[in-house]
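Participant: One structure is given below, represented as structure tokens, and several questions about it will come after.
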Amino acid sequence: MVTRRGFLKGGGLALLGVGLMGGIPAFMAEAAASDKIFRPYKRKKVLVCIFQRGAMDGLMAVTPFTDTYLQSARPGLSLSAAKSGNGNPLIDLDGRWGLHPGMKAFEPLFRDGRLGIVHGIGSPNNTRSHFDAQDYMESGTPFNKGTASGWLNRAVGLLGHDAVTPFTAVSLTSALPRSFYGDHPSVAISNLQDFAIELKSNPAAANTAARSFEDLYDQTSSGLLQQTGKESFEAMKMLQAADVRHYRPANGAIYPTSPLGNSLRQIAQLIKMDVGLEVAFTESNGWDTHFNQGTDNGIFARNVTDLSNSIAAFWTDLDASQDDVTLMTMTEFGRTVHQNGTGGTDHGRGSCNFILGKDIAGGKVHGQVAALATENLEDGRDLPVTTDFRSVFSAVADGHLQIANDKVLFPDWVGAKAPVMKG
């Protein structure tokens, strides 16, 4: 026998399917429809994370364009900030750093002090395996493969309250990401329109849920959805009542029709529906640019254009909710300083990330990046990691969500927080 409260806390009541693809069980929809109480959750701070899978070339996204070593290392890939040359120039941010021309949607956010950049960020573990590096970053323990939980799941546990809504932690992906593995409830929603959800939280609770779903409903129906159960069904009613198919973004925001654009569009919907969302996750793929990387056109340019346009549309769409939201990107590692023989770059070390919000120390490029001479490179080939990703993730979680327990959030880390937040 599992209690209703324990079932919810263990992630059993995902409401939109417990390991079931195909939508909401009919008996649950009927129960929700029979409950007349309908109120929004108290608006909360929301952290949105985007994982750029494949390892983004931070030196092409945000280029130290005055560095002559980089120019000689990338004769076919370097971009200039000079407006008189061929092609589209870099966007000069501060006389040293230039934003890729495909990211022009980021320029006003940077100038307005809403967007901050951290360069030389990465993991202290020097693996160049995509799988291992992503696993280490999402678990938050870069030297421990045995960590069962993800850092965002631990963050959910540190928020200081019971998860009375199934939408506390939501990933707009087809499967739950490693970041959300753990004991605290989280769900993966592939598409709000068809309510297809995969749940993976506490395995024991999920298994119990699969066996006892009807039994649990029978136990709760007499006092229809008291306390936590009622809160969860109210959240489902909100999602059902919203015309998500015909959602119209605010302020004329236009999202790219890409997987990332569609995901951020749906996250904006959840935020503005006040269903209790506090941590959201999605991903952008295709950053493994071993060949034909391109410069102001090509694979990389298409990726950064999609990233920046999607994020800018999301920010515009949030409207008044901007006060409550911080967005942060991450990628498992960077690319080599030297281009390879096929017009691309190989697996490297340091990269950069982007942080957007009203509580960000924006309008600047944080981090330490020395001249890219061979003697300053890691193994003579890579941008060194000078900022541990945990120092940035911790600073954002603390500054925005008021999570200050680093021993739980990043148990193996004893460093200082990066100065990326105001105050």
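Participant: If you go through region 374-423, how many residues are surrounded by fewer than 18 Cβ atoms within 10 Å (Cβ to Cβ), in a loop (DSSP other than H, G, I, E, B) and aliphatic (A, V, I, L, M)?
Facilitator: 3
Participant: Being within 20 Å of residue 188 (Cβ to Cβ), at pLDDT below 70 and surrounded by fewer than 18 Cβ atoms within 10 Å (Cβ to Cβ) is the requirement here; does residue 219 meet it?
Facilitator: No.
Participant: Separate question: Determine, yes or no, whether residue 365 is touching a strand residue (DSSP E or B) at 6+ places or on another chain (Cβ under 7 Å) and buried (at least 21 other Cβ atoms within 10 Å of the Cβ).
Facilitator: In short, no.
Participant: With the condition kept exactly as written, say whether any residue in region 105-123 is over 29 Å from residue 365 (Cα atoms) and either hydroxyl-bearing (Ser, Thr, Tyr) or touching a Cys at 6+ places or on another chain (Cβ under 7 Å) (or both).
Facilitator: no
Participant: Quick one: which of 186, 201 is modelled with pLDDT under 80, within 28 Å of residue 241 (Cα to Cα) and either buried (at least 22 other Cβ atoms within 10 Å of the Cβ) or hydroxyl-bearing (Ser, Thr, Tyr) (or both)?
Facilitator: 201
Participant: In this structure, does residue 81 turn out to be crowded, with 19+ Cβ neighbours inside 10 Å, among the small types (Gly, Ala, Ser) and either in contact with a Pro (Cβ under 6 Å, 6 or more places away or on another chain) or in a loop (DSSP other than H, G, I, E, B) (or both)?
Facilitator: Taking the combined requirement at face value, the residue satisfies it.
Participant: Hey, another quick one. Within region 293-302, work out how many residues are part of a helix (DSSP H, G or I) and touching a residue at least 24 places away in the same chain (Cβ under 8 Å).
Facilitator: 3
Participant: Tell me, please, whether a residue that is aromatic (Phe, Trp, Tyr), in contact with a Gly (Cβ under 7 Å, 6 or more places away or on another chain), crowded, with 18+ Cβ neighbours inside 10 Å and in a loop (DSSP other than H, G, I, E, B) can be found in region 104-113.
Facilitator: No, the conditions are met nowhere in region 104-113.
Participant: Might you let me know whether region 247-256 holds any residue that is surrounded by 21 or more Cβ atoms within 10 Å (Cβ to Cβ) and at pLDDT below 90?
Facilitator: no
The values are calculated or read from the model by the stated rules, or taken from the named source; none is laboratory data. Predicted, not measured: the structure shown is a model, and the values here were computed from it. Backbone-built Cβ (ideal geometry, glycine too); neighbour counts: all protein chains shown.
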